[in-house]
Amino acid sequence: MARVFSGIQPSGELHIGNYLGAIRNWVELQHKYESFFSIVDYHAITVSYEPADLRRRTRDMAISLVAAGVDPARCTLFLQSAVSEHTELAWIFNTVTPLGELERQTQYKDKSSRQESLLAGLLNYPVLQAADIALYKSDLVPVGEDQVQHLELAREIVRRWNTKFSVEFFVEPKPFLTPTRRIMGLDGRAKMSKSLGNTVGLLDEPSVIWEKLRPAVTDPARVRKTDPGTPEICNIYHIHQAFSPPETVEHVAQQCRSAGWGCIDCKRVLQDSMEAELGPIRARAAELRATPELLDDALSTGAVNAKRVASATLGEAKQIMGLR
Ligand code: ADP
């Protein structure tokens, strides 16, 4: 069976950008592939943080993932720092990665412009990411569009390593995108991202979601309720496409174009569609929170499975390289 690997930072609870852009795919792929999903805590320490806060965010991410349908009985779900092979292979990959390639990564440029003191770990982030994927020899990586550039670099790193040692050992990974590969934030300005504070949490209560949806940016042409709009350029319409049934999406588009509805009417219908999917996820999260030992067990089993595969890959790679 072909393998998939994907990782997510322990940023606390999932937001609907992560969910629609990546995690919904994880849930589907776990039925078709041998799947490895990791909460990548070694990635999270490339910016300043508090240990107690990291612990809490890691737990919240694990709860969100399992509540969203990532099933530890069907896939290998684990914490990156429990499988030390990730950092070991990252060092090896550092020795074949051109510095210039790292410096031109968009995410590095964005994040480094927002940091006071720059750490080498932030620059080397995509090298660790390449190692994460390569350890499982996965050819498909379900991610959002913002990760495509990192995956190109991962392919390049793997290719350079294979060429250097004249083998076809590591597999060049390809991104696996969802139909909603890039969800914009509710401010309509940039992608939805935890660090930009423009998210809707997957586990937010309906009243909180409504407080965020109500003022959210729509088609700027719709100043008055009687002004017709263009659904294709409206972020709310895009979120409808992700959550509402096709006939509702069709109806919404028609009401927008004909100015039959105001944007608030459209948002109310969206809220109902979201609640149909998110309500059960919220309920599962509450159950998981009440039984922390079940989640701990699942993550421990996941780490053992992941380590078995990762240590075999790393062992072979080291042998090819003339290491112990
Ligand atoms: P964030 O940008 O909020 O810090 P991460 O970088 O941890 O989120 O991303 C986790 C996963 O979610 C990645 O696969 C990423 O591509 C996807 N993702 C993040 N934000 C979005 C978005 N706005 N739209 C679609 N996918 C996204």
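Coordinate-derived values only; no laboratory data. The shown structure was predicted, so the numbers you read here are calculated from the model rather than taken from an experiment. Cβ coordinates were reconstructed from backbone atoms using ideal geometry, including for glycine residues, and neighbour counts include every protein chain displayed.
Summary of the geometry: the stretch 187-214 and the stretch 106-164, compared by the centres of their Cα atoms, lie 27 Å apart. Within the same chain, lysines fewer than 8 places from Lys318 are excluded, and of the rest, those with a Cα less than 18 Å from its Cα are Lys137, Lys164, Lys307. Applying the criteria of a DSSP loop state and at most 13 other Cβ atoms within 10 Å to the chymotrypsin sites (Phe, Trp or Tyr not before Pro) of the stretch 1-88 yields Tyr49.
Want the number for Asp297 to Ser311: 0.36 nm per residue separation, take away the alpha-carbon distance, what's left?
Details: separation 14, 0.36 × 14 = 5.04 nm, distance 2.10 nm.
Length gained between Asp297 and Ser311: 2.9 nm.
Loop-only check: which GluC sites (Glu not before Pro) in the stretch 85-175 are DSSP coil with at most 16 other Cβ within 10 angstrom? Of the GluC sites (Glu not before Pro), the ones in loops of the stretch 85-175 whose Cβ has at most 16 other Cβ atoms within 10 Å are Glu116, Glu168. Shown is the FRET efficiency for Thr226 and Glu250, computed with R0 = 22 Å from the Cβ-Cβ distance and rounded to the nearest 0.05: 0.50. Here's how it looks for Phe5: its modeled amide H is under 5 Å from those of Phe36, Leu140, which are all 5 or more places away or on a different chain. Calculated FRET efficiency, Asp71 to Ala276, Cβ-Cβ distance, R0 = 22 Å: about 0.60 to the nearest 0.05. Counting 0.36 nm for each residue step from Asp139 to Glu116 and taking away their Cα separation leaves a gain of 4.6 nm.
Using a Förster distance of 41 angstrom, determine the FRET efficiency expected from the C-beta separation of Thr163 and Ala290, and round it to 0.05. Don't skip to the end; give the middle numbers.
Details: r = 52 Å, r/R0 = 1.27.
With R0 = 41 Å, the Cβ-Cβ based efficiency is 0.20.
Straight-line cross-link reach from Lys194 at under 13 Å between alpha-carbon atoms covers these aspartates and glutamates, not counting any fewer than eight positions away in the same chain: Glu13.
Helix screen, the chain: DSSP H segments with Cα axial length of 20 Å or more and mean Kyte-Doolittle hydropathy at least 0.5 are 120-134.
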